[in-house]
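As structure tokens, the structure follows; a few thoughts come after it.
The values are calculated or read from the model by the stated rules, or taken from the named source; none is laboratory data. The structure displayed is predicted, hence computed values, not measured ones. Using ideal geometry, Cβ is built from the backbone for each residue, glycine included, and neighbour counts are taken over all protein chains shown.
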Amino acid sequence: MSSKENKIRFAVVGFGHIGKRHSAMIEAHPECELKAVADINEARKAELESRSPGVPFYKSVEELLEAEEELDVVNICTPNGVHAGLARKALKSRKHVVVEKPMGLSKQECESLIFESLHVSKHIFVVMQNRYSPPSRWLKSLVDENRFGEIYMVQINCYWNRDDRYYGKSDWKGKLDLDGGPLFTQFSHFIDIMYWLFGDIENIQAHFDNFKHKHNSEFEDSGFIHFDFVNGGIGSINYSTAVNDKNFESSITIIGEKGTVKVGGQYMDKVEYCHLEDYEMPELEASNPPNDYGDYKGSAANHHYVIQNVVDTLREKSAATTNALEGMKVVEMIERIYSLRKLK
């Protein structure tokens, strides 16, 4: 299994912050091999050569797929708005696909990917690495064991900083067609956790505003959303990227028939309150630190779990942690929320 012939062969499309992280996780895994990288920015070729000598660099996904026929998996790590198109090209070349969140910017894009994946019998793995964090896995066990009883209320608060240090270094962040907005780029992880735990939503109402980012983004930086859960209970998501200087909080509060839990901290990584009937809080594993991008930080650095899940699934030891239907559902929920957005 450790011989080079038996390794799972990956290519990474997009060699920015997140593409470099994927590449590092692939190279660190004993059962994986990084075969190639593609990026439209040729200046990144030198960095690839310094980090991964001998790994070929291509200027487009088309050039990569034509040259590298022996690939197993293509990881899409590009701006949001081109995820679906590039993933479709990889599927048409009969490669499995790992696609960073979001899977697409519309349900229609995601449906076309699922159709193509079924047609060629290939997997789509959607990167939602927060599912691997110990507090998230613990919350999932509480829900699965019906520890809350009837769910009354769920509140998610996401208050982060994204300022000129973030938007000024990119030609796609802040663009409606390539970025999509904070619910796609910053906070889809937390919508995914909510869906994973409690299912679909309906009767959505929302209010949006752009307080601090009119000069560098084409959409809101803050929003209040409330809704009903299809399975019962009410919920809300309150979010902002206008927090001054640094991230403040990502939290979920669950109030149920049999008790209350809050998981908070900057990245939904700390259990702040647990009071449930006939239940003793276990000691959880430590959460991984957030992804550090220098001027700003993102969600937990759990991408090694994503690569391990790809290996285990292709070795038929496991199933995709976040499959294509779940990835599409998160996009569809955000799309319904954003259908209420009136851009100025």
Exercise. Being at pLDDT 95 or above and closer than 30 Å to V97 by Cβ, is that true of even one residue in the range 248-260?
Worked result: yes
Seminar exercise, completed: Scanning the range 84-122 for residues that are under 19 Å from N302 (Cβ atoms) and of a type outside the set (V, I, T), the one farthest from the chain's Cα centre (by Cα) turns out to be M103
For this session: Could you tell me whether any residue of the range 65-78 is outside any loop (DSSP other than H, G, I, E, B), crowded, with 24+ Cβ neighbours inside 10 Å, out of contact with any helix residue (DSSP H, G or I) (no Cβ under 7 Å at 6 or more places or on another chain) and in contact (Cβ under 8 Å) with a residue 12 or more places away in the chain?
Result: no
Problem set entry | Breaking point among (1) without any contact (Cβ under 8 Å) to a residue 60 or more places away in the chain; (2) outside any loop (DSSP other than H, G, I, E, B); (3) over 24 Å from D177 (Cα atoms), for R21 | (1)
For this session: Among what's in the range 227-273 and is of a type in the set (K, R) and assigned to a loop (DSSP other than H, G, I, E, B), pick the residue that is nearest to the chain's Cα centre (by Cα).
Result: K246
For this session: Six or more apart or on different chains, Cβ under 9 Å: which pairs go from a residue in the range 280-307 that's at negative phi to one that's at pLDDT below 90 and among the basic types (K, R)? Could you list them?
Result: P289/K297; P290/K297; N291/K297; D295/K169
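Let's see how each residue does on (1) at pLDDT below 95; (2) among the polar types (S, T, N, Q); (3) farther than 25 Å from F115 by Cα:
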| site | (1), (2), (3) |
| --- | --- |
| Y279 | no, no, yes |
| N288 | yes, yes, yes |
| K317 | no, no, no |
| A324 | no, no, no |
| K329 | no, no, no |
| E335 | no, no, no |
| S339 | no, yes, no |
Seminar exercise, completed: Of (1) assigned to a loop (DSSP other than H, G, I, E, B); (2) modelled with pLDDT of 95 or more; (3) in the same structural domain as I193 (by TED's automatic domain parsing); (4) exposed (fewer than 15 other Cβ atoms within 10 Å of the Cβ), F219 fails just (4)
For this session: Would you check which residues across the range 310-344 are acidic (D, E) and either in a helix (DSSP H, G or I) or in the same structural domain as E111 (by TED's automatic domain parsing) (or both) and list them?
Result: D312, E326, E332, E335
Problem set entry | Residue selected from the range 47-61 under the condition out of contact with any strand residue (DSSP E or B) (no Cβ under 9 Å at 6 or more places or on another chain) and in a helix (DSSP H, G or I), by the criterion nearest to A24 (Cα to Cα) | R51
Exercise. Listed residues F184, F148; which is buried (at least 22 other Cβ atoms within 10 Å of the Cβ) and outside any helix (DSSP H, G or I)?
Worked result: F148
Exercise. Among the numbered criteria (1) touching a Gly at 6+ places or on another chain (Cβ under 9 Å); (2) part of a loop (DSSP other than H, G, I, E, B), which single criterion is violated by K122?
Worked result: (1)
Exercise. Among the residues of the range 204-213, is any farther than 23 Å from E335 by Cβ, of a type in the set (G, A, S) and in a strand (DSSP E or B)?
Worked result: no
